[in-house]
Amino acid sequence: MIDQDEYSKVIELLIKRSGLKNLKETVCKFAEWLDMSEASIYNKVNGRSKFTIEELVIICRKLQVSLDYLIYNSTSNNANIHFFADGLKYKPRNFNDYINNIIGYYTKIKQLQDVTGYFMANEVPLFHFLNFPNLMYFKLYIWNKINWKIPGIPSEYRFADMKNNPELLQSIQVLKELFHSFPNVEIWNPNMLDNTIAQFQYLKDVHIIHDRDDLYYIKKEFSDLIDHLEELTLTGKKSANSHGEEMECDIYLTDLTLGSEIILVKSEQVDMLFQQIDVPNYMQTSDQNMIDNQFRFFENIRKISTLITNAGEKERLIFFANMRQKLQRLV
């Protein structure tokens, strides 16, 4: 339970956020929302009694304010971290919207000095799908099916919608160029392709994907993707960008289940953290305390992981052999 001083601050913030003309009008509204007498509300506002958590939740919903906002802004012991979540503010109007939103962040990142990206991945990071149009469309399709539900996008699987969309194809090329413009360190796990393979098997089993060409090219690109990831570990270099630069990419392998995915961007000027909240949406913050904490977490995992870039041959061979075996089990 919060003490009396903190409770008073909560009530002060509630009244301030209500936007109502005066205390009497505020009390009348609270009484209406809670189905209580105005006398009872006056007692709770004045601190002679207290609102329950359930009552505060109802008021917060009516005022469209988070209960966390009240607690964190009234208590000095809590760490108030500001996150921005584009996916909570609006859904993309089309697939291009989603890609362009990422481009907006990475365009800013490209302007920074001495940038390094850090990826902790439960699944294959989006950026590795950019070279494979069938897999890229497949991921966009499944994200729309389980999350966005964008009006106007058909429920049937139609790769032609991407192939015949020059704006989307151009955006994918722009994002690929941006990703290839700075070095990064990635931590992978042995199961990072499993979910995508299972998604494909499901859509195939329920005949959402049934066209022979679609089935053939998706399977082919799964194989090509594995080859691409293996080449990345053998060379330690990303594909060359438009300036002919091949940025370094160090890959570590861990058997640990890491929870939510994170992307860290560190530079001379500013650091940024992207933390996944649902697939495929991320929250973003530049709060240095949060970034320092997540970077320590990343480094702790990295130190007990196996480097498979130009090293760890046994682990690397086993990793890719297992990945190919899983792909071969697709029917």
- Query: Stretch residue 270-residue 67 to full length: gain in nm at 0.36 nm per residue minus the Cα-Cα span?
  - Reply: 70.1 nm
- Task: Work out how much length residue 301 to residue 324 would gain on full extension: take 0.36 nm times their residue separation and subtract the Cα-Cα distance, in nm to one decimal.
- Result: 5.7 nm
- Query: What percent of all Cα-Cα pairs in the range 86-328 falls in each 10 Å bin, counting up from 0?
  - Reply: 7, 30, 38, 21, 3, 0
- Rg and Dmax [Cα atoms of the range 4-74; Å; Rg one decimal, Dmax integer]: 10.9, 29
- Message: For the range 127-230, I need the span (max minus min coordinate) of the C-alpha atoms along each principal axis, in Å, sorted largest to smallest.
- Response: 39, 32, 26
- Task: Looking at the chain, send over the antiparallel percent of its DSSP beta bridges, to the nearest 5.
- Result: 65 percent
- Item | Eligible lysines near residue 44 by straight Cα distance, threshold 17 Å, same-chain separation 8 or greater | 9, 16, 24, 29
- Query: Peptides 109-115, 250-256: what's the order by average Cβ count within 10 Å, highest mean first?
  - Reply: 250-256, 109-115
- Item | Relative contact order of the chain, pairs being alpha-carbon contacts under 8 Å that are 6 or more residues apart, as % | 20 percent
- Per residue, how big is the convex hull around the C-alpha atoms of the range 91-174? Give it to me in cubic angstrom, could you? 107 Å³
- Under 5 Å from the placed amide H of residue 253, counting only residues 5+ away or on other chains, we find 188, 306, 307, 308
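Which FRET efficiency value, to the nearest 0.05, is calculated for residue 38 and residue 91 with the Förster distance at 41 angstrom and r the Cβ-Cβ distance?
FRET efficiency, residue 38 to residue 91: 0.50.
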- Efficiency of FRET between residue 213 and residue 20 - r from beta-carbon atoms, R0 45 angstrom, step 0.05: 0.15
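The numbers here are math on the coordinates, done by the rules we state, and not lab data. Bear in mind that the values here come from a model prediction, so they are computed numbers and not experimental data. Note that we place each Cβ from the backbone using ideal geometry, even for glycine, and neighbour counts take in every protein chain shown.
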